[in-house]
Structure formats: structure tokens, C-alpha cells
Amino acid sequence: MTDKRLRNALQNLALALLTASALFLLTQLPSLRGIQWTGRVQELLNPTPASSPREQAGIPLEMLPSVQLLVTGDSEYGRYGRLNIPAEDPVLQTVTPLFQEALGSATEVGLAADASLREALDNSGFYLDLTPSAALPLAALEPWLGELGGADRMVRALALTAREEGFAQLYLLEPEGEIYLYETALPVSAVQIACEGFSPNGACFSYETNYGSLEPYTMLVAQAEALPDLNPELPAGYSTYNLLTALDFNAHTLSRYTESGGTVVVEESPRILRVSPNGAVNFISRGEISSYLFRTSSETPTLREVLSAGWRLAAALTEGTGASPLRLRTAERTEDGYALSFRYEADGTPVVFSNEEDALSVTFSGGQITAFSYRCRAYAPVEGETASALLPASMAQAMAAIYPNASLSVGYEDSGVGPLAAQWLAGS
């Protein structure tokens with residue numbers, strides 16, 4: 001009996017060693033280099049989906065877009081402003097807890113006029129802008145603001161202002177221009193003390209300047225910092241094999257063909273995946289999908305569940321190809337479910353495509369992903385070059401003022417030809 005147990009133990013050990021050896025050899029294949037294998041191995045060995053803990057943990061901080069911050073007050077030296085602050089930046093860890101505490105005690109007063117908000121912004125406070133072209137439901141900002149349940153109100157900016165005494169007021173600005181006022185239980189002293197940590201640097205709102213045709217709450221800075229040029233390229237790990245593996249397809253399927261332009265079409269009913277040589281990836285499904293990667297945890301998912309599933313897909317695409325990370329740009333409810341869009345950022349500075357496409361757009365219906373479009377890119381600073389100076393802020397403001405109600409921001413525009421230089425971008 002003892003010999004039999006010993007023999008079984010030796011057999012199990014040999015199988016484990018063979019498995020480890022096979023996985024090591026797989027990682028040495030050229031077509032598989034650049035893939036992060038740790039999560040894949042865990043999925044094979046774990047009886048429950050590896051994505052479950054991520055979904056239960058909520059919305060990750062690294063999913064959120066960069067923001068613009070303006071610290072308000074009545075200083076004769078102007079206000080403090082900073083463009084394109086990454087979601088993980090320590091500055092936001094100072095400011096966002098105040099918004100979280102304010103929202104936790106907020107009582108809605110109703111719609112507020114522009115004049116009311118502008119008067120409030122003359123006091124100490126913080127104005128947090130999700131940067132031009134980004135708008136999200138309040139609940140999507142959970143990593144900053146805490147879990148808010150069914151807070152589906154779309155916001156493009158939040159303002160927390162301190163009156164002379166009493167408690168702070170909270171303003172939420174919606175994409176279409178409506179402004180909502182909330183009374184809170186946050187003492188004004190908490191806001192005032194936090195504002196003292198920021199020295200004025202000449203920033204202001206456009207409504208305080210002669211550029212009246214700009215969007216009124218566009219944040220203007222005295223001078224934008226120089227940013228490095230970027231090389232846009234297809235990552236080394238971009239291949240049909242790696243994408244099939246990352247997206248839970250059969251990587252060795254024979255149900256595929258190549259179009260005349262080089263696009264590989266893979267049909268794995270009910271899913272169809274198209275992989276183009278230029279980095280464009282398109283997916284569509286015409287029926288139920290069993291793969292956990294493409295499903296939410298229920299057929300009638302909450303926004304939180306949709307965002308979690310969308311982030312799983314974004315992470316799978318990024319890790320599977322070695323592409324640059326993606327950041328959430330918009331999350332909107334549709335007739336059949338939800339639509340998410342993501343963008344690229346370089347240290348917080350947005351990268352936009354000249355044809356105005358999203359880096360990743362995802363469609364949800366009935367608790368599953370029914371379609372997505374992805375543009376695979378990797379962005380890295382040009383080696384050996386110093387940062388390029390932007391056009392003086394005053395000139396950019398004057399030029400953007402030609403377009404009625406335009407916003408103004410700093411970003412990179414990817415036209416398919418590199419390298420990319422940071423520039424002022426005017427948007428609607």
C-alpha cells in the first residue's frame with residue numbers, strides 16, 4: 001500500500017514538472033512574447049473565473065480618465081490650475097476625499113443658475129473637470145467618490161465651494177449644461193484648509209477673460225508645461241494568435257480566412273472577430289456567449305457590473321498585445337443596455353485620433369458584450385529628444401475663441417503618422 005502511494009506521488013510530481021516545463025517553453029515562442037502570463041496560468045488552475053475577484057472589488061482607479069483641477073478663491077494673483085492630472089496622482093488623493101464626504105451627506109436643492117455657480121466660485125473651493133469630451137455617470141467615479149449605488153446622473157464637472165461660514169455647497173455640471181446644487185454637511189473649514197495648500201499660478205475660467213466665445217468653464221492656464229513627443233506604433237505582441245488567446249477564442253481554429261487586404265476573419269459561432277494588419281480589431285456576436293470575458297454577472301446588469309466587464313475586456317486586449325493602457329471616456333445607457341468608450345493617455349495627457357474614433361468602444365446588450373471596436377497602439381516617448389514647447393497659452397486661447405462655445409485642452413492627435421507632438425486642441 002505504501003509503495004502504491006509513493007508511486008502515485010511520484011507520478012503527480014512528474015506531471016506537475018512536465019506541465020511547468022511546457023508552459024515555460026510556450027513563453028519562449030516569438031509569437032507569444034510580450035504577453036503577461038501570470039493571470040492566464042491562474043485562470044487555468046483556478047476552478048472559478050479569475051475575473052470574479054476583480055468584479056467584486058469594484059471599479060479600479062486605473063480605469064478613470066485624467067482630470068483638470070482648478071482651486072478657486074479671491075486671490076489677486078489668480079487661481080491655481082493644472083491640466084491632465086492622472087487618476088492616480090497624489091494631488092487627487094488630497095481633493096477627492098472632500099468630494100466623497102460632501103456627496104455622502106448631500107441633499108439636492110435643485111437646478112442652479114450660472115450666476116449662482118460663478119458667485120460660489122469666488123470663494124475657496126475646488127473645480128474638478130473630467131476634461132473635454134469626457135462625461136461619466138456619477139457612480140462611475142466610485143474610486144474617488146465611494147460607492148454611490150444608482151447614481152446615474154451624467155457629469156462633466158464637479159465643484160465644491162465654501163461660503164463664509166457653515167457648510168460647503170456641491171455643484172454638479174451635466175454635459176448638456178444643466179447645473180445642480182446640493183447642500184452638504186462638510187464644514188467650510190475643511191475646504192478652506194485644503195485650498196491653502198495650493199499657491200495661485202494664474203489659472204482662471206474663460207468667463208473671467210476676454211475670450212467670451214469659449215465654453216464658460218474652460219480652464220485656462222498661464223503656461224502649459226512642455227511634453228515629450230511620442231512614437232505611435234503597433235506593439236510587438238499584436239498578432240492574431242495573441243488576440244485569439246486573450247479573447248478566449250480557440251487560437252488554433254481552422255474557421256478563419258484572410259481577406260485581400262490582409263484582414264484575418266475568425267468565425268467561432270456566434271462570434272466573429274476581424275483582425276486587421278493596421279491594428280484595427282472588430283468583434284460582433286449574434287447570440288449567447290458562454291465565455292465569462294464577454295458577460296456581466298447578471299442579464300440585467302448594474303452600471304457597476306457593466307464597467308467591471310468593460311474593464312476586463314480592456315485589460316485583456318492591453319495585456320494580450322502589450323498595447324498602451326486604456327482609460328474610460330464615456331459610459332452611457334442605451335435602449336438595449338450600455339455603451340462604453342475608452343481612450344489612450346500618455347502620463348495623463350489624452351491621445352485622440354484625427355478621425356475622432358475611440359481607442360475602444362464596447363456595446364452591451366442583455367448582460368453581454370455584443371460588439372466592440374479596438375485600435376491597438378503603443379505610445380512611448382521619442383528617445384533622445386527633449387520635451388517640445390507648446391504654443392503660448394494666450395495665442396491658443398485667442399485662436400480657439402474663433403469657434404463658438406469651444407473648449408480648449410492639451411493633448412496628442414494620432415493621424416497615423418508619427419511622431420506625435422502635444423498641442424492645443426479645440427473641441428465642442
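Some notes on this structure:
- Calculated on the Cα set of the stretch 192-314, radius of gyration then Dmax: 23.6, 65 Å.
- Carbon and sulfur %, accessible surface of the stretch 354-428 computed with the full protein complex present, 1.4 Å: 53 percent
- Taking 7 Å steps out from each Cα toward its Cβ at Ser116 and Val417 produces label points 5.1 nm apart.
- Net length available on complete extension from Gln93 to Glu108 is 2.9 nm, with 0.36 nm assigned per residue and the Cα-Cα distance removed.
- Separation of alpha-carbon centers, the stretch 238-265 and the stretch 323-339, rounded to whole Å: 24 Å
- Accessible-area composition of the stretch 208-323, carbon plus sulfur, in percent [1.4 Å probe]: 49 percent
- Span per principal axis, largest first, for the Cα atoms of the stretch 168-227 (Å): 38, 32, 24
- Considering only Cα atoms, the convex hull volume of the stretch 257-384 works out to 132 Å³ per residue.
- Compactness of the stretch 361-428, taken as the C-alpha radius of gyration over 2.2 N^0.38 Å, stands at 1.59.
- Net length gained if the chain between Asn250 and Val382 were fully extended (0.36 nm per residue, minus Cα distance): 43.8 nm
- Expressed in Å, the radius of gyration and Dmax of the Cα atoms of the stretch 127-215 are 14.6, 42.
The values are calculated or read from the model by the stated rules, or taken from the named source; none is laboratory data. All figures in this text were calculated on a predicted structure; none of them were measured in a lab. Glycine also receives a Cβ, built like all others from the backbone with ideal geometry; neighbour counts cover every protein chain displayed. Keep in mind that these areas ignore ligands, DNA and RNA; they rest on the heavy atoms of the full protein, side chains included. Shrake-Rupley method; radii C 1.70, N 1.55, O 1.52, S 1.80 Å.
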